[in-house]
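A short write-up of the structure that comes next.
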Amino acid sequence: MVIDRRRYARVVVLTGAGVSAASGLRTYRGPGGVWEEHDVERLGHVSALTERPADVWRLFGGLRQSVLAARPNPAHDALARWQAELAQGQELLLVTQNVDGLHQMAGSRNVCEIHGNVLHSRCGSPDCTLAQFRDEDPHTSAVPSCPLCRTAVRPDVVLFGEELPALPSWTAKRALRDCDLFLAIGTSGSVAPASSYVRGAEYAGARTVYINLEPMKDPNPAFQEVYIGRAEELLPQLLGM
Ligand SMILES: [Zn+2]
């Protein structure tokens, strides 16, 4: 065991695509990434919602179907167990860039989804009062419309050209201010959000740990420890599970 879980009172964990790879979900970028098969620049961009909404749904509806068929792996399970085994006075905020909801399926609570959730839909109009809702329909044959205002309904994920939702980002940054342990797992350590989160954690005096399949291309000195390997193998080992 490398990380003695009893020693830390305020933990922040950031997860990215590498955590879901073992669940059969392809990463967005890189070889075999889901985006390679589509025109990322256009379909993943916010402008496609109005210009090519049916194509947007073909992309995210397909991802929705993959997500519905996926199951959590030992990396998700280890994080859920860590949360479940926290002692009184200990806190762990789980922040994820993943839109697959697998942390929740593994049993994690209060997951901070900074890029949204592909299993949720919402009205495309910012002025509409329709609440975001769980939606398992891939909508690959027809674009759904809002029952209140008839605007096209969209997947509740952050697209290129869009701001991150304010509340989850604020929650994460607030937790980093007084954390004593920060882990970034399965995500790039040299670009945002991990690069800015680790600076916040470093400023708070926290222990900072990076876990990923590949080393950082531009090593980020704010990470004190780097572990290279599969998240589903390394994480249970490091946490002594
Ligand atoms: Zn609406």
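The numbered conditions (1) more than 8 Å from the ligand (Cβ to nearest atom); (2) surrounded by fewer than 18 Cβ atoms within 10 Å (Cβ to Cβ) are all true for Pro155 except (2).
Is it the case that Val143 is within 21 Å of the chain's Cα centre (by Cα) and in contact (Cβ under 8 Å) with a residue 12 or more places away in the chain? Against the criterion (within 21 Å of the chain's Cα centre (by Cα) and in contact (Cβ under 8 Å) with a residue 12 or more places away in the chain), Val143 does not qualify. Kindly evaluate Glu162 against the criterion of being charged (D, E, K, R) and either buried (at least 17 other Cβ atoms within 10 Å of the Cβ) or in contact with an Asp or Glu (Cβ under 9 Å, 6 or more places away or on another chain) (or both). In short, no. For region 139-152, what are the residues that are more than 9 Å from the ligand (Cβ to nearest atom), of a type in the set (Val, Ile, Thr) and in contact with a strand residue (DSSP E or B) (Cβ under 9 Å, 6 or more places away or on another chain)? Residue satisfying the conditions is Val143 alone. Take Ser125 and tell me if it is within 16 Å of the ligand (Cβ to nearest atom), free of Cβ contacts under 8 Å to residues at least 40 places away in the same chain and buried (at least 16 other Cβ atoms within 10 Å of the Cβ). Spelling it out, Ser125 is indeed within 16 Å of the ligand (Cβ to nearest atom), free of Cβ contacts under 8 Å to residues at least 40 places away in the same chain and buried (at least 16 other Cβ atoms within 10 Å of the Cβ).
Filtered by the rule that a residue be without any contact (Cβ under 8 Å) to a residue 60 or more places away in the chain, closer than 27 Å to Arg6 by Cα and not hydroxyl-bearing (Ser, Thr, Tyr), region 181-205 gives Gly189, Val198, Arg199, Gly200, Glu202, Ala204, Gly205.
Coordinate-derived values only; no laboratory data. Model, not experiment: these values are computed from the prediction. In this analysis, Cβ positions are derived from the backbone assuming ideal geometry, glycine residues included, and neighbour counts consider all displayed protein chains.
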